[in-house]
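Read through the structure below, which is laid out as structure tokens, and then see the notes.
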Amino acid sequence: MNKTKNNDHMRIIGQYAGGHKKLILLGRFLAGISAVITLIPYYLLWKIIKIATEGTNLQEIEPIAWEAVGLTVLSLLVYIAALFCTHIAAFRVQANMRSGLMRRILTLPLGVFDDEGTGRIRRIVNDSTAATETFIAHNLPDKTVAAVTPVGLLVLIFAFNWKIGLICMIPAVIGFLCMMTMMGKGMQEKMAEYQGALETMSSEATEYVRGIPVVKTFGQTVHSFTRFKKTIDDFGKWATDYTIMLRKPMIGFMTCINAIFLFIVLSAYLFIGSGVTPQAVDILNIMYYIIVTPLITVALTKVAYSGEAEMTLIDALDRVKSVMDIEPLSDGEGDKEPQGNSLELKDVTYRYKDGASDAVKNVSARIEQGEHVAFVGPSGSGKTTICELIARFFDVDSGEILIGGVNVQEIPQKKLMEYISFVFQDSRLLKTSIFENVRLSRPDASEAEVMEALKKAQCMDIIEKLPGGIHTVIGEKGIYLSGGERQRIAIARAILKDAPILILDEATAFADPDNEARVQAAFEEMTKGKTMIMIAHRLSTVTNADRIFVMEHGGITEQGRHEELMALNGLYRRLYDEYTRSVEWKVGA
């Protein structure tokens with residue numbers, strides 16, 4: 001991933017801001033004006049102290065005081081105007097960034113979400129864009145104030161007594177040097193590590209939450225999800241090491257910026273005690289510096305926080321860029337129309353990103369139109385990967401996949417999706433009505449067509465018990481469906497789509513016996529006249545398949561009908577015997 005250079009991040013923000021870029025510039029300008037106006041009352045305060053200590057012309061104090069009050073209010077109003085400008089621009093940048101991300105995400109192959117993790121992508125869309133909005137709306141004006149205020153402070157501090165001012169600046173300079181050791185390239189890398197750790201935890205936490213039913217069923221704890229626990233432990237260790245690394249410079253910074261009063265006392269002793277200058281003037285200056293010097297602490301703190309915010313922004317833009325840089329699969333531009341629904345894999349090889357070995361290696365197979373086949377094998381043997389490659393979740397590394405004699409890479413993505421329907425083992429339903437959930441596969445379908453698909457999917461018992469029928473919103477007012485019921489709704493979705501090729505990935509994995517019977521009945525209705533590919537661990541569900549492909553280590557080792565494979569006494573026979581024993585196993589009396 002190419003790191004966003006520090007001098008490029010404002011240019012990137014400007015690209016997303018579009019016509020609102022001028023508002024960012026105006027907001028920064030107004031924030032700078034506000035910072036200058038804020039310092040003027042301190043000069044007026046010096047004049048008030050001077051008049052009070054001299055004891056003459058006391059009537060002049062009131063108008064000067066009201067002038068100071070007016071300027072303070074004016075600086076506040078100008079700063080509010082600056083925030084108004086930056087907030088409008090920030091919301092526009094965030095909206096454009098999120099829209100751009102979502103447009104890009106919609107073009108990405110589905111396999112990206114397996115590689116990158118939905119938790120990581122969700123966090124980039126939500127949190128990275130929010131960090132950009134926060135920086136523009138709040139940190140940019142503060143950064144401008146933090147840049148302008150020290151310059152004005154230097155004028156105020158050195159204008160009245162440069163010797164006292166010089167002494168007061170000693171802890172400020174040391175504190176600034178301590179602060180600089182906590183910034184720079186090394187800290188930018190640490191910030192990237194921090195954000196990366198949060199993304200990893202977010203992704204693993206998402207998987208953990210999805211697995212909570214399994215965890216509770218078997219009475220396990222978070223320790224059963226070793227990857228999730230490891231990310232928490234790693235983040236804890238990183239945070240501890242990071243804190244220890246910053247301990248000394250942070251102590252030095254906080255000590256220095258809070259030790260300024262000690263140096264004022266030292267100045268008072270040196271100049272008032274020694275009698276170098278008239279005592280009244282020294283008292284006036286010391287009183288003035290007691291009031292003004294705390295601004296140094298405030299200014300340095302703002303500088304520190306603005307630096308941290310900028311590092312967060314740069315990292316956020318890097319992460320947004322990492323998604324925007326993912327290239328979508330080339331959309332097939334050929335005008336060839338698949339001739340039928342046959343499938344053919346020719347010497348297909350694929351390896352996942354960062355994979356240690358090929359997930360699928362030199363696989364060749366032909367599935368005739370209307371044939372019902374199954375892929376079985378141990379976990380990690382490449383069954384699901386084959387189906388994802390057929391649907392073009394990824395592009396093969398070598399070889400080719402043909403539908404009706406046409407390479408899937410030459411078929412436009414929209415057209416390809418018209419040929420293929422999926423039913424996954426853990427089907428997802430959106431928080432909307434049953435009607436809309438089913439109609440996702442064919443948005444122009446009528447209510448009658450949706451009802452017909454639900455009937456074929458054996459869903460009428462579900463519809464009858466819902467208060468609003470097919471217009472009942474899932475997840476609202478405590479209305480939820482079981483795993484098997486969700487699966488039947490997903491099957492209705494596939495029936496409505498009526499694609500000629502059907503892929504079933506462990507489609508009965510979470511169904512109870514009653515639901516499994518209904519799901520199997522729905523399958524019989526759905527698969528009539530279609531080319532079907534089934535992935536299954538329950539080998540009893542594939543015994544009637546026209547052909548069974550047995551996979552191991554990314555390759556096809558056996559193929560044939562159930563009876564033929566059993567006669568071979570090979571891997572399939574061992575898998576089937578183990579499955580049969582597991583089904584028949586009972587706890588002894």
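The values are calculated or read from the model by the stated rules, or taken from the named source; none is laboratory data. None of the values given here were measured: they were computed from a predicted structure. As a convention, Cβ positions derive from the backbone with ideal geometry for all residues, glycine included, and neighbour counts pool all protein chains shown.
Odds and ends about this structure:
- Residue list for region 44-73, restricted to those being surrounded by 16 or more Cβ atoms within 10 Å (Cβ to Cβ) and either under 49 Å from the mean Cα position of the chain (by Cα) or not in a helix (DSSP H, G or I) (or both): 68, 71
- Count of residues meeting criterion [buried (at least 19 other Cβ atoms within 10 Å of the Cβ) and either within 30 Å of the chain's Cα centre (by Cα) or not assigned by TED's automatic domain parsing to the domain that holds residue 481 (or both)] in region 394-408: 2
Here's the yes/no breakdown for (1) assigned by TED's automatic domain parsing to the domain that holds residue 528; (2) outside any helix (DSSP H, G or I); (3) among the aromatic types (Phe, Trp, Tyr); (4) in contact with a strand residue (DSSP E or B) (Cβ under 9 Å, 6 or more places away or on another chain):
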site: 441; (1), (2), (3), (4): yes, yes, no, yes
site: 444; (1), (2), (3), (4): yes, yes, no, no
site: 455; (1), (2), (3), (4): yes, no, no, no
site: 461; (1), (2), (3), (4): yes, no, no, no
site: 470; (1), (2), (3), (4): yes, no, no, yes
site: 475; (1), (2), (3), (4): yes, yes, no, no
site: 486; (1), (2), (3), (4): yes, no, no, no
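- Taking the criterion of being more than 18 Å from residue 290 (Cβ to Cβ), out of contact with any Gly (no Cβ under 8 Å at 6 or more places or on another chain) and at pLDDT 75 or above, the residues of region 156-192 that qualify are 173, 177.
- Residue check, residue 302 surrounded by 16 or more Cβ atoms within 10 Å (Cβ to Cβ), of a type in the set (Lys, Arg) and at pLDDT below 85: yes
- Residue list for region 350-403, restricted to those being aromatic (Phe, Trp, Tyr) and modelled with pLDDT under 90: 352, 393, 394
- Of all residues in region 372-400, exactly one satisfies the criterion of being within 27 Å of residue 578 (Cβ to Cβ), touching a Lys or Arg at 6+ places or on another chain (Cβ under 7 Å) and either part of a loop (DSSP other than H, G, I, E, B) or free of Cβ contacts under 8 Å to residues at least 40 places away in the same chain (or both), namely 377.
- Entry remark, region 141-170: residues being in contact with a helix residue (DSSP H, G or I) (Cβ under 7 Å, 6 or more places away or on another chain) and under 17 Å from residue 75 (Cα atoms) number 11 in total.
- Long-range neighbours under 7 Å by Cβ, at least six apart or interchain, first residue touching a residue at least 60 places away in the same chain (Cβ under 8 Å) and over 30 Å from residue 356 (Cα atoms) within region 536-559, second in a loop (DSSP other than H, G, I, E, B) and not hydroxyl-bearing (Ser, Thr, Tyr): 542/536; 546/371; 547/371; 547/561
- Neighbours by Cβ (under 7 Å, 6+ apart or cross-chain): first from region 454-475, farther than 18 Å from residue 436 by Cβ; second surrounded by fewer than 18 Cβ atoms within 10 Å (Cβ to Cβ): 456/525; 458/521
- The single residue among 125, 93, 69 that is under 30 Å from residue 355 (Cα atoms) and in the same structural domain as residue 17 (by TED's automatic domain parsing) turns out to be 125.
- Flag if residue 495 is aliphatic (A, V, I, L, M), in the same structural domain as residue 429 (by TED's automatic domain parsing), crowded, with 17+ Cβ neighbours inside 10 Å and over 17 Å from residue 424 (Cα atoms): no
- Residue that is nearest to residue 533 (Cα to Cα), among those in region 345-363 that are part of a strand (DSSP E or B) and free of Cβ contacts under 8 Å to residues at least 60 places away in the same chain: 345
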